[in-house]
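We did not get these values from a lab; they are worked out from the coordinates using the rules stated. Fair warning: this is a prediction, and the values are worked out from it, not measured in the lab. As a convention, Cβ positions derive from the backbone with ideal geometry for all residues, glycine included, and neighbour counts pool all protein chains shown.
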């Protein structure tokens, strides 16, 4: 029973995090990510950073909160390491989409 409640809570949290993205998708018809294809690994890394930043922006739609919290987490090494992990995962995705620039 407890496991089911935890799973339900996890699903509800995930849906709550996706809600701003769904609202933004409805509000914006323009496409900011037409493709994962890039010409070079450096462009791929830059795209991975953009993907990571857009993820944060989509989940925290309040610019006031975003900038206020940035001052706190920019001084926290552990948080910055987690941000680097997110960028690395996105870079793996972009690299795979580009067949590792072979």
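Taken along the Cα-to-beta-carbon direction at a fixed 7 Å, the label points for residue 5 and residue 54 span 3.9 nm.
Per-residue Cβ neighbour counts within 10 Å put 79, 94, 65 in the sequence 65, 79, 94, beginning with the fewest. Label sites at residue 46 and residue 92, each approximated as a point 7 angstrom past Cα along Cα to Cβ, lie 2.5 nm apart.
As a rough footprinting exposure proxy, the listed residues 32, 101 were ranked by other beta carbons within 10 Å of their own, and the order from fewest upward is 32, 101.
Treating each Cα of region 26-102 as an identical point scatterer and ignoring solvent, apply the Debye formula and state log10 I(q)/I(0) at q = 0.20 Å⁻¹. With one equal scatterer per Cα and no solvent, log10 I(q)/I(0) is -0.95.
Among 51, 33, 80, a tally of other beta-carbon atoms within 10 Å of each Cβ gives an order, fewest to most, of 33, 80, 51. Summarising the label geometry, the points placed 7 Å from Cα in the beta-carbon direction at residue 39 and residue 67 lie 3.4 nm from one another.
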